[in-house]
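Here the structure is laid out as structure tokens; the discussion comes afterwards.
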Amino acid sequence: MKVVSSEIVISAVKPEQYPETDLPEFALAGRSNVGKSSFINKMLNRKGLARISSKPGKTQTLNFYLINEILHFVDVPGYGYAKVSKSERAAWGRMIETYFTTREQLRAAVLIVDLRHPPTTDDVMMYDFLKHYGIPCVIIATKADKIPKGKWQKHLKVTRETLELDKNDQIVVFSSETGEGKDQAWSILHSYM
């Protein structure tokens, strides 16, 4: 998909703040520092639309990005970051759960994992949560440029096995540096619209 326009339209914490549209939405989930902002920026051909922070745990709201006036990316707070209080983590959890379980516009979740490492316990919990609620899931395995191409399949196998990936869920090898996987990711997301 050729992105000609993209903007952040709102940062929401509760349902009454969500955009009032029927546009399809794709929620982007992943642990803090996995590369969600870099994924968004690469997919949208924008350098700094999604702010990349050296401090994990920066996204604390549901950030709605309007793309080509036809769909939204919804960036949800990263999980698994220790320097956040338990009460703050619980509040994020409720906010994320409310969005995932009540938003009719949600077409699929994009679970972003790091191809270099096996998915974390939090990644597995997130994937199980999505499966429990019957939310379609696309796995984006980022940072592919950091490992030799010849080792991708080995790493993908570990990712599939660790998540116990449903055979209907697709996994995309992705690099924000090289653009690897970008067209494939758009093509899969398009199939949910």
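The values are calculated or read from the model by the stated rules, or taken from the named source; none is laboratory data. Since the structure is predicted, the reported quantities are computational estimates derived from the model, not experimental observations. All Cβ positions, even for glycine, are placed from backbone atoms using ideal geometry, and neighbour counts span all protein chains on display. All accessible areas refer to the heavy atoms of the entire protein, side chains included, with ligands and DNA or RNA removed. Shrake-Rupley method; radii C 1.70, N 1.55, O 1.52, S 1.80 Å.
Take the residue pairs 14/146; 2/149; 86/154; 47/167 and return only those whose Cα atoms are more than 30 Å apart.
Among 14/146; 2/149; 86/154; 47/167, the Cα-Cα distance tops 30 Å for 14/146; 86/154; 47/167.
Where in region 86-182 are there trypsin sites (Lys or Arg not before Pro) that are in a DSSP coil and have at most 10 other Cβ atoms within 10 angstrom of their Cβ?
The qualifying sites are 167.
Any idea of the accessible area per residue across the chain, 1.4 Å probe, to the nearest Å²?
That works out to 51 Å² for each residue.
Where does the longest stretch of the chain lie that holds no GluC sites (Glu not before Pro) found in a DSSP loop with 11 or fewer other Cβ atoms within 10 Å?
Between exposed loop sites, the widest span is 105-163.
Length gain on complete extension for the stretch residue 131 to residue 91, per 0.36 nm per residue less the alpha carbon to alpha carbon distance?
12.2 nm
Nearest 0.05, what FRET efficiency do residue 105 and residue 145 give at R0 = 45 Å with Cβ-Cβ as r?
0.85
May I ask you to give the percent of accessible area on region 67-193 that is carbon plus sulfur, with a probe radius of 1.4 Å?
Ligands and nucleic acids excluded, carbon and sulfur give 50 percent.
Within region 164-180, whose backbone N sits under 19 Å from a point 7 Å along Cα→Cβ of residue 116?
From region 164-180, the list is 172-180.
Please report the accessible area of residue 145 (heavy atoms, 1.4 Å probe, ligands and nucleic acids excluded) in Å², nearest 10.
Residue 145 exposes around 60 Å² with every protein chain in place.
Let me understand region 124-193 better: what is its radius of gyration from the alpha carbons, and its Dmax, in angstrom?
12.6, 36
So, taking all protein chains as they sit and a 1.4 Å probe, how much accessible area belongs to residue 79, in Å² rounded to tens?
40 Å²
Explain nothing, just the number: dipole magnitude of the chain about its Cα centre with +1 on each Lys and Arg Cβ and -1 on each Asp and Glu Cβ, in debye rounded to the nearest 20.
With Lys and Arg at +1 and Asp and Glu at -1, about 860 debye.
Going by accessible area, probe 1.4 Å, with all protein chains left in place, what is the ranking of 23, 28, largest first?
Greatest to least solvent exposure: 23, 28.
What value, in deg cm²/dmol to 500, does the helix sum -39500 (n - 2.57) over DSSP H runs of n ≥ 4 give at 222 nm once divided by the residues of the chain?
-9500 deg cm²/dmol
Could you go through region 160-174 in sequence order and give the Karplus-derived ³J(HN,Hα) for each residue, using 6.51 cos²θ - 1.76 cosθ + 1.60 with θ = phi - 60°, rounded to whole Hz, and x for Gly and Pro?
4, 5, 5, 7, 6, 4, 5, 5, 7, 8, 9, 10, 10, 6, 9
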